[in-house]
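K.L.:
If you scroll down you'll find the structure; I have some questions about it.
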Amino acid sequence: MSGPVARLAGLKVGPAQSEPSGDFGLIGLAVMGQNLILNAADHGFTVVAFNRTVSKVDRFLENEAKGKSVVGAHSIEEFCAKLKKPRRMMLLVMAGPAVDDFIEKLLPHIDAGDIIIDGGNSHYPDSNRRTKYLAEKGIRFVGTGVSGGEEGARYGPSLMPGGNEEAWPYIKDIFQSIAAKSDGEPCCDWVGDEGAGHYVKMVHNGIEYGDMQLICEAYDIMKRGLGMSYAEMGDVFAEWNKGVLDSFLIEITRDVLRFNDDDGKPLVEKILDAAGQKGTGKWTAINALDLGMPVTLIGEAVFARCLSSIKDERTRASKLLSGPTPKFTGDKATFLKNLEQGLYASKIISYAQGFMLMQTAAKQYGWKLNKPSIALMWRGGCIIRSVFLKDITSAYRQNPDLENLLFNDFFNKAIHTAQPGWRDVIAFAVQSGIPMPAFSTALAFFDGYRTKDLPANLLQAQRDYFGAHTFQIKPEYANDKFKVGAYTHVNWTGRGGNVSASTYNA
Ligand code: 2AM
């Protein structure tokens, strides 16, 4: 006798019959999953653990999880039976079909109101789809960004949950307990609807690409432009880590530059300069193109990785194409101050662009995004954690409807202070033939963004000339022929007299 009949008869059939004790279930016992389980157990939650390769469950229980409030499950049924209702279940498995497979496997064993959380690096359209699909079945789906790597997962990650908001009151305590804290506040809050959590994580990763590229450019100009040693560069990063650039990525760069191989030489110098990528930066750049947002710095950061990866071709090109030889004649200390300011200014632009993108996405996809919370979620726990994000949090707390980060007084002042040094550094890089694509695109964006009249007037004329694509007139030049807001086509090749204008939508 088994199933409902056995339950009616009050018979015990295996472990599934005992009173469920699990507060939280986690499927996927790779390092991230194991560490999140241990983190949750440390915060007083009883966690049920399961993995596709079931042998890993016992190995985990006998080793890392020994003595902790972790219970194992050896089947999906057992996993579900051991969880209190509404069940709170997180998947930390490879993004893609594995997530859908597990959802399908869970469905027959769970009840309406239960919560399935996907903590993997899923692409946000998949989370949009899963939220809708599961809502139809009465299941609350949450797609959450998890950042901070293995260490973060163990001792406090940044968590960015989005999806079915009904789930939030049930998972808030666990999420905010295990998340990193910044000045006592958890780096976790509800992000928004559907795939908003994974979307924000995607933008986080894009910004991470940008931050890393900026740091690499600063390293390159110090190394090749100023001829600095690794020890000196390590000291510069150590110094920067005490100021406006204080952040995890600056800190690890300091350590990397100071790390010597067995022969006493810096290990980083020996590493092949061909960058890998898993795709989240590319997704951000593609989304920016789709939404028509000038997120140029992340774009350049992705392309810089692409350029780095064609190492063989670059090696051939290096023998055929020449440029100037860097010759630094200025004051080194001043240059390094300028470089710090230039990196800071470029970073401000990158985050301003990232928030422009999220703001547009929220409008486009109908999400309510909580901007001050996003900045706070990135403040601690994650890879881009920094003191800088504290200032962004303040900016959006002062005004959650801030149109652009650059309109905030603090950042407005910061970018104006940084501007002269920023320009000097880029000018030196251009003269020296050392590429600084992320620094340069940040400055180009700044100059474009602050320009009322861009040369797109000529562009519109060209489009109308060759393709009759029409144009609008500047309001101050409006007249009977060219009305305000109307789309007009002109016969540009009409000879010996006035051009004729045809007006549409007047
Ligand atoms: P495994 O231990 O059985 O390989 C990270 O790879 C985690 O995702 C691991 O827990 C791994 O389970 C799981 N995983 C990877 N691909 C999977 C798939 N196709 N189906 C289920 N789990 C998968």
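K.L.:
Quick check for me: using +1 on Lys/Arg Cβ and -1 on Asp/Glu Cβ, what's the dipole size of the stretch 261-361 about its Cα centre, in debye to the nearest 20? Don't skip to the end; give the middle numbers.
P.N.:
Numbers: 13 positive and 11 negative charges, 40 e Å.
Here the stretch 261-361 has a charge dipole of around 200 debye.
K.L.:
Another question about this same structure. In Å and from the alpha-carbon atoms only, list the Rg and Dmax of the chain.
P.N.:
Considering the chain through its Cα atoms, Rg and Dmax are 27.4, 101 Å.
K.L.:
Counting Lys +1, Arg +1, Asp -1, Glu -1, what net charge surrounds Met293 among other residues with beta carbon under 14 Å of its beta carbon?
P.N.:
Details: positive: Lys363; negative: Asp290, Glu403.
Counting the neighbours of Met293, the net charge comes to -1.
K.L.:
Helix 168-178 against the longest principal axis of the chain: what's the angle in degrees, Cα atoms only, rounded to the nearest 10?
P.N.:
Tilt of helix 168-178: around 80 degrees.
K.L.:
For Ile252 and Gln419 in one chain, what is 0.36 nm times their gap in residues minus the Cα-Cα distance, to one decimal in nm?
P.N.:
Roughly 57.5 nm would be gained on extension.
K.L.:
For Trp492, Trp378, what ranking results if the residue with the fewest other Cβ atoms within 10 Å of its Cβ goes first? Each step should come with its number before you reach the end.
P.N.:
On the way: Trp492 12, Trp378 31.
Listing Trp492, Trp378 from fewest to most nearby Cβ atoms yields Trp492, Trp378.
K.L.:
If you take the alpha carbon radius of gyration of the stretch 68-171 and divide it by 2.2 N^0.38 Å, what ratio comes out, to two decimals?
P.N.:
On the way: Rg = 13.4 Å, N = 104, 2.2 N^0.38 = 12.8 Å.
Here the answer is 1.04, to two decimals.
K.L.:
Which angle from 0 to 90°, rounded to the nearest 10, does the C-alpha axis of helix 124-136 make with the longest principal axis of the chain?
P.N.:
Orientation of helix 124-136: about 40 degrees from the principal axis.
K.L.:
Please report the projected area of the stretch 273-340's Cα convex hull averaged over all directions, in nm². Walk me through the numbers before you get to the answer.
P.N.:
Working: hull surface 28.6 nm².
Quarter of the Cα hull surface area: 7.2 nm².
K.L.:
What ranking of Thr46, Thr441, Thr360 emerges when the number of other C-beta atoms within 10 Å of each C-beta is taken as an exposure proxy, fewest first? It would help to have the intermediate numbers written out before the result.
P.N.:
Numbers: Thr46 19, Thr441 23, Thr360 16.
The most exposed by this proxy come first: Thr360, Thr46, Thr441.
K.L.:
For Arg450 and Asp42 in the same chain, what is the full-extension length gain: residue separation times 0.36 nm, less their Cα-Cα distance, in nm?
P.N.:
Working: separation 408, 0.36 × 408 = 146.88 nm, distance 5.01 nm.
In short, 141.9 nm is gained.
K.L.:
Per the Kirkwood definition applied to all pairs of different Cα atoms, how many angstroms is the hydrodynamic radius of the stretch 361-506? Spell out each step's value before the answer.
P.N.:
Working: mean 1/r = 0.0504 Å⁻¹.
That comes to 19.8 Å for the stretch 361-506.
K.L.:
Same structure again: For labels at Thr360 and Ala274 in the simple 7 Å Cα→Cβ model, what's the distance in nm?
P.N.:
Here the modelled spin labels are 3.4 nm apart.
K.L.:
Using only Cα atoms, tell me the angle between helix 97-106 and the longest principal axis of the chain; keep it within 0 to 90° and round to the nearest 10.
P.N.:
In the chain, helix 97-106 runs at an angle near 30 degrees to the longest axis.
K.L.:
To the nearest 500 deg cm²/dmol, what mean residue ellipticity at 222 nm is calculated for the chain from DSSP H runs of n ≥ 4 alone, each contributing -39,500 (n - 2.57), summed and divided by the residues? Mind showing how you got there, number by number?
P.N.:
On the way: 20 runs with 259 residues, N = 506.
Result for the chain, helices only: -16000 deg cm²/dmol.
K.L.:
Give the residue from Ala442, Asn412, Ala167 lying farthest towards the positive end of the charge dipole for the chain; charges sit on Cβ (+1 for Lys and Arg, -1 for Asp and Glu) and the dipole is referred to the Cα centre.
P.N.:
Ala442
K.L.:
Ranking Trp422, Trp283 by Cβ neighbours within 10 Å, fewest first, what do you get?
P.N.:
Trp283, Trp422
K.L.:
Another question about this same structure. Report, for the chain, the % of DSSP beta bridges that are antiparallel, rounded to 5.
P.N.:
Numbers: 15 of 37 bridges.
Antiparallel bridges make up about 40 percent of those DSSP assigns within the chain.
Read-outs throughout are calculated quantities, based only on the coordinates presented, and are distinct from any laboratory measurement. Since the model is a prediction, treat every value here as computed from it, not as a measurement. A quick note on method: Cβ atoms are made from the backbone with ideal geometry, for glycine too, and the neighbour counts reach across all protein chains shown.
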